[in-house]
Amino acid sequence: MPRLWLMGLLVLLSTAYARAADSPDLVDLAAHIPGIIVDARYAGAENFIGEPIDGYEAPKVLLSRPAAEALKRVQAQLKAEGLTLMVFDGYRPQSAVDHFMRWIEDTGDTRNKAAYYPNVAKNRLVPDGYIARQSGHSRGSTVDLTIARLVDGGSTEPLDMGSPWDFFGAISHPSSTVVSSEARANRMLLRVMMMSAGFRPYDAEWWHFTLAAEPYPNSYFNVPVK
């Protein structure tokens, strides 16, 4: 009897875990973090494909609750220095990743090559690690972001990072020495702030960080951003 009870408990626990994995606890960063700037590029046409991406039904950036709480601490520290976080992407539905893969296979579509990947062949974007067939973003705790300066009138001015967000090439590697000393200092500021809050960086993109203690390390979600 005790053995049957234990087996039943394990079944209940596994079912509860499966339900949790199907329904991640995602937070709208604009609503959760005072003053953060959201520039949800994949919800519009200002991105490397040049059109709204599948799965982004609203111009929002979502993130798992633990990652959002960690980001909130970074924002509070930056705000005290007259700075703010500007986020471009967070949780990414699998349908968006699938959209990326269809675009990769369309070899004739290179309309945004000059702006986003001038020195990388389109068919190298996946092998070189700039686009993934299964993205860590789909686990809900990876964020793409930069730092901006608060200026008069409530507007913001992004810090010089040496290359734009989602620019695919060696110049966007955090270790690049091609960028100016100011850009290297700004990248280091972002890196130090994010790592101090528990995020780990990515060696091919200065803007990409993943919460080290992510709550869904083995799950890839496909709920839409809305």
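Derivation of every value follows stated rules applied to the coordinates shown; laboratory data play no part. Because the structure is a prediction, the values reported are computed rather than measured. A quick note on method: Cβ atoms are made from the backbone with ideal geometry, for glycine too, and the neighbour counts reach across all protein chains shown.
The distance between label points at H32 and D160 comes to 3.4 nm (points 7 Å beyond Cα on the Cα→Cβ vector). Here, the chain has an Rg and a Dmax of 19.0, 71 Å when only alpha carbons are counted. Here the simple spin-label model places points 7 Å from the Cα toward Cβ, and for A204 and E81 these points are separated by 2.9 nm.
The length gained on full extension between A213 and M195, counted as 0.36 nm times the residue separation minus their Cα-Cα distance, comes to 5.3 nm. Per-residue 3J(HN,Hα) values for the stretch 127-132, derived from phi via the Karplus relation 6.51 cos²θ - 1.76 cosθ + 1.60 with θ = phi - 60°, read x, 7, x, 7, 10, 10 Hz in sequence order (x marks Gly and Pro). Under the convention that each Lys and Arg Cβ holds +1 and each Asp and Glu Cβ holds -1, the size of the dipole of the chain around its Cα centre is about 600 debye.
Considering only M194, G154, A121, and ranking their Cα positions along the charge dipole of the chain that arises from unit charges at the beta-carbon of Lys, Arg, Asp and Glu, the one farthest toward the positive end is M194.
By how many nm would the segment from Q134 to S95 grow when fully extended, if each residue of separation counts as 0.36 nm and the alpha-carbon distance is taken off?
Separation in residues times 0.36 nm, less the Cα-Cα distance, equals 13.0 nm.
Among S141, S175, a tally of other beta-carbon atoms within 10 Å of each Cβ gives an order, fewest to most, of S175, S141. Taking θ as phi - 60° and the Karplus parameters 6.51, -1.76 and 1.60, the scalar couplings of the stretch 47-55 work out to 7, 5, 8, x, 7, x, 9, 3, x Hz in sequence order, x denoting glycine and proline. Take every Cα pair under 8 Å whose residues are at least 6 apart in sequence, average their separation, divide by the length of the stretch 138-197, and the relative contact order is 25 percent. Under 5 Å from the amide H of S219 lies no amide H of any residue 5 or more positions distant or on a separate chain, with H modelled from the backbone and absent for Pro and chain starts. Under 5 Å from the amide H of L83 lie the amide H atoms of L150, each residue being 5 or more positions distant or on a separate chain, with H modelled from the backbone and absent for Pro and chain starts. Note on D106 and K226: the model spin-label points, each 7 Å out from Cα along the C-beta direction, lie 2.3 nm apart.
Length gained on full extension, A185 to I171: 3.6 nm, using 0.36 nm per residue less the C-alpha separation.
Counting pairs of alpha carbon atoms under 8 Å apart in space and at least six apart in sequence, what relative contact order in percent does the stretch 25-211 give?
21
Converting phi to 3J(HN,Hα) with the Karplus coefficients 6.51, -1.76 and 1.60 and the offset θ = phi - 60°, the stretch 214-226 yields 5, x, 10, x, 10, 10, 10, 9, 9, 6, x, 7, 7 Hz in sequence order, with x at every glycine or proline.
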